[in-house]
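The values are calculated or read from the model by the stated rules, or taken from the named source; none is laboratory data. What you are looking at is a predicted structure, and each value in this text was computed from that prediction instead of being measured. Positions of Cβ are backbone-derived with ideal geometry, glycine not excepted, and every protein chain shown enters the neighbour counts. Surface accessibility is based on the protein's heavy atoms, side chains included, excluding ligands, DNA and RNA. Shrake-Rupley method; radii C 1.70, N 1.55, O 1.52, S 1.80 Å.
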Amino acid sequence: MKLRAVFIFFLIFSVSLHTSAQSNDSAEASVKKEKKKKKKKRKKYKLPEIDLGHWKVTLPVANDEGKPYEIEPPEISDFATNEVAKPYMYIDSTRGAIVFHALPTESKTRNTKYTRSELREQMVPGDNNVNWKFEDGAYMKGKLAIDEVTKDSDGKYHRIIIMQIHGRLTNEQKDLIGEDDNNAPPILKIYWDNGKVRVKTKVLKDLSAGVPEILHEDAWDNDEGFNFEQKVGFKKFTLEVEVSEGKMVIILNGNEYKVYENIHIRKWGVFENYFKAGNYFQTRDEGAYAKVRFYELEVSH
């Protein structure tokens, strides 16, 4: 009888230990699961790898003077809290990107009919007067994707300029040819064109022309353009632009190259330049819009 009582006692004790161990294992598993959940949640929120300290942005909305609204450094660092900027430039924290949203409005920059949500490089923050020449060397790399874009009446997607190198007259050049601003043509426009990356550059009409003739905008014409083979569609892709004296190279996804090394690029060396990146929307169709995501953007000289 005593042996039976002892046996029952040990049986109850071992069951209790087993149940307790199971309970502890279950609790531990639950804690781990909760931690994993929280970790997963934390991973969902990302920030873009873009330093805006040397960029200003132009938005498709007018300021108090009726001109396109701009935000320069250091205020551009707080663009996410700027109520005017919020509809046109904002952070997508689930993808870790800055979204540039543009649509046709009456807020256009001079010499164009199109609107933009686009960054303009400033080598000296807040100053447009310090720029670079090809002989100085310059490099820009961006990782981006088209988020949304509307179609035209023929069913083709509207075009977007996603990167540029824009020319600029020095004050001396401006005075020499009697211009009232420092604007010069863009030597490079990179388009997202119906799912492909298209490059356009400038060619000199008269190859024998020199300064001051080549300082005039009408001395230059558009080339025929170049399409990269790869179709990027709405996927993430990388673009690199590298310039040096007499040479300009555009690289798509690190494996497809377009090299410009000719008399036109050599003659272009007379101009100052700056990089642009974002969403320069190429239509005024009613109801049209486009959104471009930039995950990374870097510039060096």
Point to revise | Spin-label pair R284/E217, simplified geometry with 7 Å Cα→Cβ offset, distance in nm | key: 1.5 nm
Review point. What do you reckon, how do R168, R110, R284 stack up by accessible area (1.4 Å probe), largest on top?
Key: R110, R284, R168
Study note, to complete from the structure: So the angle from the long Cα axis of helix 2-43 to the longest Cα principal axis of the chain, reported in degrees to the nearest 10, equals 10 degrees
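How big is the charge dipole of segment 106-215 about its Cα centre, in debye rounded to the nearest 20, if each Lys and Arg gets +1 on its Cβ and each Asp and Glu gets -1 on its Cβ?
With only Lys, Arg, Asp and Glu charged at Cβ, the dipole is about 600 debye.
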Point to revise | Hz values of 3J(HN,Hα) by residue in segment 264-278 - Karplus curve (6.51, -1.76, 1.60), Gly and Pro given as x | key: 5, 5, 5, 5, 5, x, 6, 8, 7, 8, 8, 7, 9, 7, x
**Study point:** Dipole magnitude of the chain, debye to nearest 20 (Cβ charges: Lys/Arg +1, Asp/Glu -1, about Cα centre)
**Key:** 2980 debye
Exercise for review: Could you give the C-alpha radius of gyration of the chain expressed as a fraction of 2.2 N^0.38 Å, taking N as the number of residues it contains?
Suggested key: 1.47
Review point. Given the Cα-Cα distance of V130 and E172 and 0.36 nm per residue of separation, how much length would full extension add, in nm?
Key: 13.8 nm
Revision key, fill the gap. Going through K151/K247; K56/K189; K46/K67; K46/K113; K151/K258 one by one, the pairs whose alpha carbons sit over 30 Å apart turn out to be K151/K247; K46/K67; K46/K113
Exercise for review: Would you mind calculating the gained length between H301 and T94 on full extension (0.36 nm times residue separation, minus the Cα-Cα distance), in nm to one decimal?
Suggested key: 71.4 nm
